[in-house]
2 protein chains.
Amino acid sequence: MKRKRPTIHEVATRAGVGLGTVSRVLNNHKAVRPETRARVLRAMEELGYTPNPHARRIAGGRSYTVSILLPFVATEFYRRLIEGLEGVLLEKRYDLALFPILSQNRLRRYLESTTLAYLTDGLILASYDLTEHFDGGRLPTDRPVVLVDARNPRYDSVYLDNSLGGRLAGECLARFPGAIFAIKVEEEPDRAFRHTVFAERMAGFAEALATAGRPFPPEHLYTTRLSQEGGRLALRYFLERTSPPLNVFAGADLVALGVLEEAGRLGLTVGREVRVLGFDGHPFAEEVGLSTIAQPVEAMGAKAAQLLLDRMQGYTGPPREVRFEPILIERESTGAGAGAPYVP
Amino acid sequence: MKRKRPTIHEVATRAGVGLGTVSRVLNNHKAVRPETRARVLRAMEELGYTPNPHARRIAGGRSYTVSILLPFVATEFYRRLIEGLEGVLLEKRYDLALFPILSQNRLRRYLESTTLAYLTDGLILASYDLTEHFDGGRLPTDRPVVLVDARNPRYDSVYLDNSLGGRLAGECLARFPGAIFAIKVEEEPDRAFRHTVFAERMAGFAEALATAGRPFPPEHLYTTRLSQEGGRLALRYFLERTSPPLNVFAGADLVALGVLEEAGRLGLTVGREVRVLGFDGHPFAEEVGLSTIAQPVEAMGAKAAQLLLDRMQGYTGPPREVRFEPILIERESTGAGAGAPYVP
DNA sequence: CTGAAAGCGCTTACAG
DNA sequence: CTGAAAGCGCTTACAG
């Protein structure tokens, strides 16, 4: 039934080489003659060999895994981020362990647990700068730490210039006739886990409108939790205050989707009567012709993984900050392109 | 800096016993004299010893971890479920590895990967019955599998009687004057990952209303994605069709929260003008006085873990089905209790 | 470039 | 109830 898995030993025998050599090809060591490597690889193939990660961990004295602490919210953003991280991590034979922060209790428990010490060669913090939860502003770990979608002067950080994104959004919508509205995504109620990206986007947006001399009164800002239905409510709210045409910066693609949905239900022509601009550049934005401020989430993830890998390999320079810039992508929802109106 | 961690060896020396004995107390083996155990425990304490899980895994020939595949949605339900699972798993020194199903591709990749084989002594599938994705209706693994919040005749299953829950909801609201409405939470668009709990709730609900002779026309049903804003939209929709008092079965506590929120904004008295009944019994429901059909999520998780543990310890009986029953909890939102109206 | 050996930190029969 | 030994499947210097 549960047939014993082949080990490095059998591979070595079959390939007619020593254990060490098999291990070397496993680890992409330079010092292996190409033909030897090929022979070993073939033996693995024939045997259906797959390395036992646990043995590797104990022999190597490392866990070969990186943990990521991320908010317990399931969005396309984190899907993409994880994709980007894993891309470079798996290549180096590192696993990625996900730790959604289910509650503050669990966070502490985890960070202070002995599990962490064994499970992790490095730590990635997504979106939250958790350092303020701990004495001295440092996480209770001696492993390298990298922040992504967040910033902290004490750690390597990879982040998007959300303020710039907001300005791009403002400059884009300022070109159009009609009133300008925006939807701000609410922060989490738990003050301990605050992140500021949405506020930064709005600040940049307001700044660009001010520069362009376009009015943006407080009642043109609608606040909602991150949901598609929030976008629907927002558009209704805006339409109580103005008549088409109007322009909406949705603050997040998911919310923008709701604006599109509601516009469709109300029979408004998207791109003309209602112009909608999202933020994120998620794949689904393209599918529905949504204009958006795109952020290179996968690239940010890859970069964060790279910085962490550096540290794990011994790099000890001062904290590095990598800033990514978003770009404006104009599609049908702001009147660009073939102009085919959005049909939900 | 990174001081070497103490091992079982040092513990043995300090306690003046053999390696095997230390291992035995670690594993709660019966065959250890209480005083010996105490001595070993004290040595561990003094040394700050914590076992190295990787060594354990390779020596024991098992991973001592259980994987859970769960939908990539972050809800209180899964938080509670995980809590319940971990409660019993950690006690047996098993870890729980989370695998949110980010995409169908990743699911396949994961299930067919060699990682799974090493990482997992058992598999828990939450909410999705993924068996139909695979040939022969069986997952490509020889490890024990348990479903929770889902059912499949081929595997142990732990589930809630959602239909009964719907009936309880119907019977509750049928007692009140005023029209009766319901909110159905939408299934995921991806047909491959369908689960039917919301449909079952609604079917039970409709059945109970029919039995009670209360009308429930199609236009009294509002469908939305799972979000608080969805509840807000639903209440607006209902109020376009009737005048208070009205009664709303929200299908999920989160959605019910939105109904309460919107009622508050509109100045309606919750519990009198608008009666609201949720489903789930999440902790936050109590905080806001929300009546609800409570499901024992933690207990379901614990039970699933227990079933899996049985299997991992060699139990080979036929698939078992464990059915849990929800209960009605009446609070202010349906007029029970002190009657203090809900204030958001 | 490659092999043989030592060692990683545990668990598990096997004797006593 | 307890100790000493073998072994889990790898990695990593160390020689050649």
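Each Cα pair of the range A:150-234 feeds into the Kirkwood radius, which the Stokes-Einstein equation turns, at 37 °C and 0.692 mPa s, into a diffusion coefficient of 233 µm²/s.
Give, as ranges by residue number, the residues of the range B:274-314 whose backbone N falls under 12 Å from the point 7 Å along Cα→Cβ of B:K92. Those under the cut-off are B:302-314. The residues neighbouring B:I180, those whose beta-carbon lies less than 10 Å from its own, together hold a net charge of +2 under the Lys/Arg +1, Asp/Glu -1 convention. The residues packed around B:F134, meaning those with a beta-carbon under 12 Å from its beta-carbon, carry a net charge of -1 if Lys and Arg are +1 and Asp and Glu are -1. Normalised size of the range B:37-154, defined as Cα radius of gyration per 2.2 N^0.38 Å with N residues, equals 1.25.
The alpha carbons of the range A:8-51 occupy a box of 24, 18, 15 Å along the principal axes, longest dimension given first. Please go through the range B:1-104 and write out the trypsin sites (Lys or Arg not before Pro) that DSSP classes as loop and that have at most 11 other C-beta atoms within 10 Å. Hits after loop and neighbour filter: B:K2, B:R3, B:K4, B:K30. Stokes-Einstein diffusion for the protein assembly as shown, with the hydrodynamic radius set to the Kirkwood value over Cα pairs and evaluated at 25 °C in a medium of 0.890 mPa s, equals 88 µm²/s. Once every Cα of chain A carries one equal point scatterer and solvent is ignored, give the base-10 log of I(q)/I(0) from the Debye formula at q = 0.08 Å⁻¹, two decimals. At q = 0.08 Å⁻¹ the computed log10 ratios are -0.51. Here the spin labels are modelled as points 7 Å beyond Cα on the Cα-Cβ line, and at B:N27 and A:R33 they lie 4.5 nm apart.
What is the local net charge at A:P144, summed over the other residues whose Cβ is closer than 11 Å to its Cβ (Lys, Arg +1; Asp, Glu -1)? Overall, the nearby charge balance is -2.
Extension gain for A:R175 to A:T211 (0.36 nm times residue separation, less C-alpha to C-alpha distance): 11.7 nm. Highest mobility in the GNM of chain A, judged by mean-square fluctuation with C-alpha springs under 10 Å and restricted to A:D253, A:D310, A:D161, is found for A:D310. Between A:A203 and A:E240, the FRET efficiency from the beta-carbon distance, with R0 = 30 Å, is close to 0.75.
Note on the range B:8-51: dipole from Cβ charges, positive end direction compared against B:T13, B:V32, B:P51; the farthest Cα belongs to B:V32. Here the range B:139-169 and the range B:1-75 have alpha carbon centers that stand 34 Å from each other.
Counting only aspartates and glutamates at least 8 places from B:K4 when in the same chain, those with an alpha carbon closer than 18 Å to its own are A:E112, A:D121, A:D142, B:E45, B:E46. For the range A:16-31, the Karplus equation 6.51 cos²θ - 1.76 cosθ + 1.60, evaluated at θ = phi - 60°, returns couplings of x, 10, x, 3, x, 5, 4, 4, 5, 5, 4, 9, 6, 5, 5, 6 Hz by residue, with Gly and Pro reported as x.
Computed about its Cα centre, the charge dipole of the protein assembly as shown is approximately 3080 debye, with only Lys, Arg, Asp and Glu carrying charge at their Cβ. With both labels modelled 7 Å from their Cα along Cα-to-Cβ, the A:H133 to A:R42 distance reads 5.3 nm. Sorted shortest first, the separations between the A:Y237 label point and its copies elsewhere in the assembly read 2.0 nm; each point sits 7 Å from Cα along the Cα-to-Cβ line. In summary, the lysines within cross-link reach of A:K303, defined as a Cα separation below 18 angstrom excluding same-chain residues under 8 places away, comprise A:K92.
Write out the trypsin sites (Lys or Arg not before Pro) in the range B:272-344 meeting two conditions: DSSP loop, and at most 16 other Cβ atoms within 10 Å of their Cβ. Filter output for the range B:272-344: B:R272, B:R320. With θ taken as phi - 60° and the Karplus curve 6.51 cos²θ - 1.76 cosθ + 1.60 applied, the whole-hertz 3J(HN,Hα) list for the range A:76-85 is 4, 4, 6, 4, 5, 4, 5, 4, x, 5 Hz, x standing for glycine and proline.
Readers should treat all values here as calculations from the given coordinates under stated rules, not as data from a laboratory. All figures in this text were calculated on a predicted structure; none of them were measured in a lab. Every residue, glycine among them, receives a Cβ derived from its backbone with ideal geometry; neighbour counts consider all protein chains shown.
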